[in-house]
2 protein chains.
Amino acid sequence: MTDRLEIIKSTKRKAKPDAGNLVFGKQFSDHMLMMDYLEGEGWINPRIVPYEPISLDPAAMVFHYGQSVFEGLKAYRTEDERILLFRPEKNLQRLNRSSDRLSIPAIDEEKVLGYLKEFLKLEKDWIPTAEGTSLYIRPFIFATEPNLSVAPSKAYTFMVILSPVGSYYAEGIHPVGIYVENSYTRAVRGGTGTAKTAGNYSAAYKAQERATEMGQSQVLWLDGVEKKYIEEVGSMNVFFKINGEVVTPALNGSILEGITRMSILELLKSWGMNVSERRISMEEIYQAYEAGQLEEAFGTGTAAVISPVGELNWDGRKMVINDRQTGPLSKKLYDTLTGIQTGRLDDPFNWTTEIK
Amino acid sequence: MTDRLEIIKSTKRKAKPDAGNLVFGKQFSDHMLMMDYLEGEGWINPRIVPYEPISLDPAAMVFHYGQSVFEGLKAYRTEDERILLFRPEKNLQRLNRSSDRLSIPAIDEEKVLGYLKEFLKLEKDWIPTAEGTSLYIRPFIFATEPNLSVAPSKAYTFMVILSPVGSYYAEGIHPVGIYVENSYTRAVRGGTGTAKTAGNYSAAYKAQERATEMGQSQVLWLDGVEKKYIEEVGSMNVFFKINGEVVTPALNGSILEGITRMSILELLKSWGMNVSERRISMEEIYQAYEAGQLEEAFGTGTAAVISPVGELNWDGRKMVINDRQTGPLSKKLYDTLTGIQTGRLDDPFNWTTEIK
């Protein structure tokens with residue numbers, strides 16, 4: 001097995017976008033990291049090559065049967081020019097859990113983290129420096145065997161591409177309106193909701209269209225069985241602060257186990273706050289709202305870190321939360337997490353990994 | 001808009017496989033049919049070009065968010081050398097319904113059927129002639145815009161590839177064993193179960209692995225809500241004959257609307273049989289079995305047409321059906337449908353389309 005990282009440098013260098021012109025996920029760095037899987041050989045030929053189109057047989061299984069998983073994480077440049085990753089081992093562990101659900105062979109997490117570090121060293125000038133910016137890292141795996149049989153592929157490609165991204169909140173944190181979706185379903189127990197697989201995302205577009213029509217920014221997903229219990233917001237996990245207690249839906253087999261979610265739970269506990277992961281119904285949220293106890297609500301994810309919810313719309317009932325302002329807990333969590341991620345604050349949890 | 005079909009013929013011709021060496025979905029004809037979608041321009045540049053790898057940006061949305069739908073149908077060569085398609089307009093209608101669920105723009109069904117006929121005329125020598133063989137036709141659409149934003153793509157590719165396939169039953173119809181899956185879920189109401197989208201298929205691999213471990217050929221899927229009601233078998237619809245009545249699960253928003261299923265319902269009604277589409281629980285099937293009234297069971301789909309079920313395994317309970325023999329109704333349906341498809345029998349329903 002060939003597992004020495006080969007590097008073929010690009011002879012051309014693209015112009016790097018200005019900090020003011022960073023568009024999420026549309027601009028990519030000069031290179032890409034790749035690795036192949038072949039049955040009987042395992043993951044082979046790790047390589048960094050110039051960023052360029054890839055060539056696939058039209059019968060490649062990814063087009064037909066959707067064996068495809070991905071991850072998203074960020075590299076940050078600190079004020080003193082260090083490069084930090086935030087809990088990258090968690091992303092690679094989750095990638096393998098997603099792969100397992102889709103019958104895709106596991107990668108060696110430690111080796112791949114090593115390749116990723118080498119890749120980021122090569123592309124370090126692509127990590128933007130302005131406040132709030134970062135380099136978004138997209139690892140993904142897809143099936144390449146040309147075969148229309150409905151069965152796991154015998155060949156895969158692993159890739160990482162890099163996209164410099166601007167501040168999610170160029171004009172400050174802005175609480176968003178949420179539409180509670182009563183008919184479309186994101187996922188159900190026994191399905192693929194816990195996996196970061198391609199099919200879960202496009203399956204959500206119709207509900208997002210409806211949220212947009214309703215003048216709302218995001219969808220809040222309810223459970224697929226009873227359509228009563230809260231699962232996620234858009235492609236983020238969701239938290240509520242009710243009468244001093246912070247609650248988030250428990251990992252029930254259909255929601256994604258967010259790494260920001262996990263970190264926020266650890267932070268809140270370290271602050272001695274009253275936190276619980278449990279089943280939460282929309283009815284409970286509405287009762288709390290009516291009683292004046294729904295203090296804050298926010299989504300959590302890699303892109304926005306914290307996305308405060310200003311308004312919830314459920315079956316014709318509108319709940320305005322904290323007067324559509326970012327609540328003090330949301331703000332404190334945002335400042336603390338982004339502070340740790342960017343090296344402005346100490347990292348007592350050892351969450352960051354420096355690339356040297 | 002350019003919608004005149006362009007044809008670029010291949011200068012090389014592949015050797016056609018012998019009738020005895022046809023492997024499903026691994027051998028493809030000399031050309032492929034393609035068409036592009038660009039926002040603001042619609043579907044443009046329909047063309048037949050040599051079969052070859054396609055080139056995609058690594059950020060193409062199909063890899064990341066799974067906007068991808070497909071169809072499957074067959075072309076048959078009759079004994080008198082005519083070429084028949086079976087209800088192709090139904091496949092193109094369903095392709096558009098699948099696309100709608102995935103927020104993919106609709107194709108013009110009539111135009112595309114015209115292009116498909118031209119394509120099949122060009123590739124007619126790829127339609128095998130031996131008993132039970134056919135040319136499998138795989139139309140598919142996938143998102144091509146290079147963009148990591150979670151939103152519908154602004155660019156797509158439509159393709160058709162062709163694969164000569166052998167008889168599904170080279171050694172005669174063979175009833176299979178079925179494992180009733182109690183924990184993995186194929187689909188749920190509000191999800192994508194009614195769409196022929198890539199993500200539905202790889203999501204089923206884990207359950208298929210378990211069926212194989214249990215020594216069974218296929219999975220029988222239960223509903224995602226109560227895990228009581230029958231949905232599909234593998235990637236086929238399913239029928240039961242109970243005490244003279246033929247029943248199949250009603251289209252409930254999570255099962256695929258099979259074109260073979262639809263045709264069988266029409267056939268059975270034309271024969272004056274007692275048929276119903278309704279909710280069917282595993283408990284009902286078990287009770288019928290215990291009472292000696294479970295006469296036949298079979299899956300239906302494009303690949304196998306009819307796949308008799310010889311054994312059902314549910315929660316430790318084994319039901320052997322019709323002594324593991326193909327039942328008379330299964331046999332009659334298979335002979336009639338394949339007879340119409342291949343032109344051996346009259347087509348009183350006008351299901352076949354001849355390509356002239």
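Taking the residues in segment A:186-206 that are hydroxyl-bearing (Ser, Thr, Tyr) and part of a loop (DSSP other than H, G, I, E, B) as candidates, determine which candidate is least open to solvent (accessible area, probe 1.4 Å).
A:THR192
Would you check if A:LYS241 is open to solvent by 10 Å² or more (accessible area, probe 1.4 Å) and outside any loop (DSSP other than H, G, I, E, B)?
Yes, satisfied.
I'd like to know if segment A:144-151 contains one or more residues that are farther than 23 Å from A:ASP80 by Cα and in contact with a Pro (Cβ under 8 Å, 6 or more places away or on another chain).
yes
Counting only residues that are closer than 26 Å to B:LYS196 by Cα and in a helix (DSSP H, G or I), how many does segment B:258-286 have?
11
Go through the residues of segment A:96-112 one by one and say whether even a single one is within 13 Å of chain B (Cβ to nearest Cβ) and at positive phi.
The answer is yes, given that some residue of segment A:96-112 is within 13 Å of chain B (Cβ to nearest Cβ) and at positive phi.
Within segment B:270-287, can one find any residue that is within 19 Å of the chain's Cα centre (by Cα), away from chain A (no Cβ under 13 Å) and either closer than 23 Å to B:ALA187 by Cα or open to solvent by 70 Å² or more (accessible area, probe 1.4 Å) (or both)? Spell out the reasoning first.
So the first thing to find is which residues in segment B:270-287 are within 19 Å of the chain's Cα centre (by Cα), and the list is none.
No, segment B:270-287 contains no residue that is within 19 Å of the chain's Cα centre (by Cα), away from chain A (no Cβ under 13 Å) and either closer than 23 Å to B:ALA187 by Cα or open to solvent by 70 Å² or more (accessible area, probe 1.4 Å) (or both).
Mind listing just one residue for me: the one in segment A:227-238 that is assigned to a loop (DSSP other than H, G, I, E, B) and modelled with pLDDT of 95 or more and, of those, farthest from the other protein chains (Cβ to nearest Cβ)? Step through it out loud before you land on a result.
Keep residues of segment A:227-238 that are assigned to a loop (DSSP other than H, G, I, E, B), which gives A:227-228, A:234-235.
Remaining after also requiring modelled with pLDDT of 95 or more: A:227-228.
Numbers: A:LYS227: 8, A:LYS228: 12 Å.
Filtering first and then ranking leaves A:LYS228.
Take the residues of segment B:152-171 that are of a type in the set (Phe, Trp, Tyr) and within 13 Å of chain A (Cβ to nearest Cβ): which is farthest from B:PHE86 (Cα to Cα)?
The qualifying residue farthest from B:PHE86 (Cα to Cα) is B:TYR156.
Suppose we filter segment A:287-327 for residues that are under 19 Å from A:ASN237 (Cα atoms) and either assigned to a helix (DSSP H, G or I) or among the polar types (S, T, N, Q) (or both); how many remain?
5
Looking at (1) assigned by TED's automatic domain parsing to the domain that holds A:GLU109; (2) free of Cβ contacts under 8 Å to residues at least 12 places away in the same chain, can you tell me which one A:LEU148 breaks?
That leaves (2) as the condition not met.
Being surrounded by 23 or more Cβ atoms within 10 Å (Cβ to Cβ) and in a loop (DSSP other than H, G, I, E, B) narrows it down to one of A:SER167, A:SER183, A:SER153, A:SER149, so name that one.
The unique qualifying residue is A:SER153.
Could you please give the count of residues in segment A:207-238 that are acidic (Asp, Glu), under 22 Å from B:GLY193 (Cβ atoms) and surrounded by fewer than 19 Cβ atoms within 10 Å (Cβ to Cβ)? Spell out the reasoning first.
Keep residues of segment A:207-238 that are acidic (Asp, Glu), which gives A:209, A:213, A:223, A:226, A:231-232.
Checking the rest, the ones that are also under 22 Å from B:GLY193 (Cβ atoms) come to A:209, A:223, A:226, A:231-232.
Imposing the further condition that a residue be surrounded by fewer than 19 Cβ atoms within 10 Å (Cβ to Cβ) reduces the set to A:209, A:226.
Selection size over segment A:207-238: 2.
From the set of residues in segment B:20-65 that are at the interface with chain A (Cβ under 8 Å from one of its Cβ atoms) and assigned to a strand (DSSP E or B), which is most open to solvent (accessible area, probe 1.4 Å)?
B:SER55
Of all residues in segment B:113-143, which are touching a Phe, Trp or Tyr at 6+ places or on another chain (Cβ under 8 Å), away from every other protein chain (no Cβ under 14 Å) and buried (at least 18 other Cβ atoms within 10 Å of the Cβ)?
B:ILE127, the sole residue that qualifies.
Considering (1) closer than 30 Å to A:LEU95 by Cα; (2) out of contact with any helix residue (DSSP H, G or I) (no Cβ under 7 Å at 6 or more places or on another chain); (3) surrounded by fewer than 17 Cβ atoms within 10 Å (Cβ to Cβ), say which one A:ARG261 fails and leave the rest.
(3)
Kindly list, by first and then second residue, each pair from a residue in segment B:20-32 that is among the hydroxyl-bearing types (Ser, Thr, Tyr) to a residue that is open to solvent by less than 50 Å² (accessible area, probe 1.4 Å) and assigned to a loop (DSSP other than H, G, I, E, B), limited to pairs with Cβ atoms under 6 Å and residues at least 6 apart or on different chains.
B:SER29/B:GLU123
The values are calculated or read from the model by the stated rules, or taken from the named source; none is laboratory data. All values derive from a computational prediction rather than experimental measurement. All Cβ positions, glycine included, derive from the backbone under ideal geometry; neighbour counts span all protein chains shown. Areas reflect the complete protein model, heavy atoms only, side chains present, ligands, DNA and RNA absent. Shrake-Rupley method; radii C 1.70, N 1.55, O 1.52, S 1.80 Å.
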